[in-house]
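Asker: Questions regarding the structure given below will be posed in turn.
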Amino acid sequence: MRHLLGIADLQNSDIDTLFSNAQTFSNQKHPATSVWKRKKLLTLFLENSTRTVVSFEAAARNLGAEVIHFQAKSSSLQKGETLIDTGRNIQAMGVDGVVLRSDKSGSPQLLAQALSIPVINAGDGMHEHPTQALLDTWTLHKHWGSLQGKRVLLLGDIKHSRVARSNMLLWKRMGMDVSACGPPTFLPLGLDSVWGVKRVTDLDQALETADAVYCLRVQRERMGAMLIPSTTEYRHFWGLTRKRTSLLKKGAVVLHPGPTNRGVEVDPEVADGPHSKIIEQVQNGVWMRMAVLDWVAT
Ligand code: NCD
């Protein structure tokens, strides 16, 4: 067994295995044999989620697992019990794996150190969201085949985004040409020196040459004070509007991890338009999470 806490846990050969197994699962929803048959998976979500929690549950059920939802709001965490004590008790009750989402960066690492069952990071604070990056990158891989040299533009709130962090790590690993554009208050320090990501200032020019645009949500809940004057202004300068989208190359694709702030970082016509891969990302998420569940348990 192993954990998936961040992209660094994956060798390049693991990424190949996950892509190929996700493909197999997409053709054969309910595999005849599965290491998860009659095993128990706990979804320990301490922060809101729609796609990720449902996707993990669907994936686990497809593999024959029983899914137990942790009721965070009515749990003893509210009485001051620690995450580690919670995890140890859950393990003692015969749970075979934990999917953890937390608003605190580093929580999955902490839990993994205390448990001898797989821990999967479903998003920790502003740190990482490895399964989202895997499903996004697999979506691009399915579209193009090779990812080498493909130009992807991260647009918007990169600083507060765990999705951006995991994707930057994975895309660089796949040899992609990654650049970022957004208000200076939304760009992390060391974008170039630490992450190897180019900062571009002319959004329109960047859109003309991009093979993919990855739009990020304006994450109001992760900002101390508003870092942008208003959402109207944000849309004006940085939003993926219908007008701006007309600058894209014919085959270019638009991705977004969801939830979308329609009319802020992306116009509804773009989210639902011909360039958009947003619903395909969500569909692919189930197959990718089946592959991840299989990978951690073998
Ligand atoms: C993301 C998350 O929660 O990190 N959503 C998701 O998992 N699909 C992105 C976000 O909240 O903006």
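Asker: For the chain, give the magnitude of the charge dipole about the Cα centre (Cβ charges: +1 Lys/Arg, -1 Asp/Glu; no others), in debye to the nearest 20.
Answerer: On the way: 35 positive and 28 negative charges, 60 e Å.
Computed charge dipole of the chain: roughly 280 debye.
Asker: Let me ask something additional. May I ask which of K37/K79; K104/K172; K39/K277 have a Cα-Cα span longer than 30 Å here? Could you put the intermediate results ahead of the total?
Answerer: Working: K37/K79 34 Å; K104/K172 25 Å; K39/K277 33 Å.
With Cα atoms farther than 30 Å apart: K37/K79; K39/K277.
Asker: Using the Karplus curve 6.51 cos²θ - 1.76 cosθ + 1.60 with θ = phi - 60°, work out ³J(HN,Hα) for each residue of the range 46-51 in order, rounded to whole Hz, and write x for Gly and Pro.
Answerer: Calculated HN-Hα couplings, in order: 9, 9, 4, 6, 10, 5 Hz.
Asker: Check which residues have an amide H placed less than 5 Å from K159's amide H, if you skip close sequence neighbours.
Answerer: L187
Asker: Further, regarding this structure: How much mean residue ellipticity at 222 nm does the chain get from its helices, if each DSSP H run of length 4 or more adds -39500 (n - 2.57) and you divide by all residues, to the nearest 500 deg cm²/dmol? Mind dumping the intermediate values first?
Answerer: Details: 11 runs with 116 residues, N = 298.
Dividing the helical sum by the residues of the chain leaves -11500 deg cm²/dmol.
Asker: Rounded to the nearest 5, what % of the DSSP beta bridges within the chain are antiparallel ones? Let's see the in-between values first.
Answerer: On the way: 1 of 32 bridges.
Antiparallel: roughly 5 percent of the beta bridges in the chain.
Asker: Related question: Could you list which residues have their amide H under 5 Å from that of M176, counting only those 5 or more apart in sequence or on another chain, with H placed in the peptide plane?
Answerer: G149
Asker: Would you kindly derive the ³J(HN,Hα) couplings of the range 25-39 from the backbone phi angles with the Karplus curve 6.51 cos²θ - 1.76 cosθ + 1.60 (θ = phi - 60°), listing them in order in whole Hz, with x for Gly and Pro?
Answerer: Ordered by residue, 3J(HN,Hα) equals 5, 5, 8, 9, 3, 10, x, 5, 10, 7, 5, 8, 3, 6, 8 Hz.
Asker: How much length is gained on full extension from A92 to V67, taking 0.36 nm per residue of separation minus their Cα-Cα distance? List each step's numbers first, then the result.
Answerer: Values: separation 25, 0.36 × 25 = 9.00 nm, distance 1.63 nm.
Contour length minus the Cα-Cα distance gives 7.4 nm.
Asker: Roughly how many nanometres apart are two label points built 7 Å out from the Cα toward the Cβ at W144 and Q28?
Answerer: 3.0 nm
Asker: G64: net charge of surrounding residues, Cβ under 15 Å, Lys/Arg +1, Asp/Glu -1, itself excluded? Mind dumping the intermediate values first?
Answerer: Working: positive: K29, K37, R38, K39, K40, R61, R289; negative: E57, E66, D96, D294.
Once all neighbours under 15 Å are counted, the net charge is +3.
Asker: If one computes the Cα centroid of the range 235-279 and of the range 78-97, what distance in Å separates the two points?
Answerer: The two parts, judged by their Cα centres, are 41 Å apart.
Asker: Distance from the Cα centre of the range 1-40 to that of the range 106-166, in angstrom?
Answerer: The distance from the Cα centre of the range 1-40 to that of the range 106-166 comes to 15 Å.
Asker: Can you classify the range 181-255 as rounded, prolate or oblate using the Cα gyration tensor, where a ≥ b ≥ c are the square roots of its eigenvalues, rounded means a/c under 1.5, and otherwise it's prolate if a/b beats b/c and oblate if not?
Answerer: oblate
Asker: Let me ask you something else. Need one number: nm distance between label points at S76 and V54, each 7 Å from Cα along Cα→Cβ, rounded to one decimal.
Answerer: With each label point 7 Å from Cα toward Cβ, the separation is 3.3 nm.
Asker: Enumerate the amide H contacts of S276 below 5 Å, restricted to partners 5 or more residues apart or on another chain; note that Pro and chain-start residues carry no placed amide H.
Answerer: Amide H to amide H, under 5 Å and 5 or more residues apart or across chains, S276 pairs with V254.
Asker: Let's test the formula: R0 of 45 Å, r as the Cβ-Cβ distance of D85 and E208. What FRET efficiency results, to the nearest 0.05? Each step should come with its number before you reach the end.
Answerer: Details: r = 54 Å, r/R0 = 1.20.
It comes out at approximately 0.25.
Asker: Report the antiparallel proportion of the DSSP beta bridges in the range 44-202 as a percent, rounded to a multiple of 5. Kindly include the intermediate steps, with their values, before the conclusion.
Answerer: Working: 1 of 14 bridges.
Once the DSSP bridges in the range 44-202 are tallied, antiparallel ones form about 5 percent.
Asker: Moving on to the next point. Determine ³J(HN,Hα), in whole Hz, for all residues of the range 110-115 in sequence, where each value follows from phi through the Karplus function 6.51 cos²θ - 1.76 cosθ + 1.60 and θ = phi - 60°; x replaces Gly and Pro.
Answerer: Working through the residues one at a time gives 4, 5, 4, 5, 8, 10 Hz.
Asker: Still on this structure, I have one more. Among R220, R165, rank each residue by its count of other Cβ atoms within 10 Å, from fewest to most, as a rough exposure measure. Can you show the working numbers first?
Answerer: Details: R220 14, R165 23.
Starting with the residue having the fewest Cβ neighbours, the order is R220, R165.
Asker: Just to be sure I understand the model, the point goes 7 Å from the Cα along the line to the Cβ. What's the resulting K243 to Q113 distance in nm?
Answerer: Going by the 7 Å Cα→Cβ label model, 5.2 nm.
FYI, it's all coordinate maths here, none of it is from the lab. Since the model is a prediction, treat every value here as computed from it, not as a measurement. Virtual Cβ from ideal backbone geometry, glycine too; neighbours counted across all protein chains shown.
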